Amino acid sequence: MSLVMHYKPGDEIIIMENFLQDEDHVKGEKKPVKYRVIRQYPHFVLCKNKNGIKRSILNADLYVDAKQKG
């Protein structure tokens, strides 16, 4: 999948993530989570959240998120 947007290190991305309500894995509500871009690769963006936990977000996920936002 091609790039949805070009990100620079330090840019902020907001992703809607599901949070489970209990241990029975019942689908919970979606909440926005802020991530800071570390580096962009051809197929994903490497980010970290406010706690310093790193995560790679696929371009396909960013595309779906951008389509839902409008």
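The values are calculated or read from the model by the stated rules, or taken from the named source; none is laboratory data. As the structure is a computational prediction, the values presented were derived from the model and not from experiment. No Cβ is skipped: glycine too gets one built from the backbone with ideal geometry, and neighbour counts run over all protein chains shown.
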ask   = Taking strands (runs of 3 or more DSSP E) that fall entirely within region 30-70, which contain at least 2 residues that are in contact with a Pro (Cβ under 7 Å, 6 or more places away or on another chain) and either within 14 Å of residue 9 (Cα to Cα) or of a type in the set (Ser, Thr, Tyr) (or both)?
value = 30-40
ask   = Pairs under 6 Å by beta carbon, first residue surrounded by 10 or more Cβ atoms within 10 Å (Cβ to Cβ) and of a type outside the set (A, V, I, L, M) in region 40-57, partner outside any strand (DSSP E or B) and at pLDDT below 95, six or more apart or different chains?
value = 40/7; 43/59
message = I'm trying to understand the selection: among the residues of region 1-29, which are acidic (Asp, Glu), at pLDDT below 90 and part of a strand (DSSP E or B)?
response = 17
task = Six or more apart or on different chains, Cβ under 9 Å: which pairs go from a residue in region 1-15 that's over 12 Å from residue 63 (Cβ atoms) to one that's at pLDDT 85 or above and assigned to a loop (DSSP other than H, G, I, E, B)? Could you list them?
result = 13/7
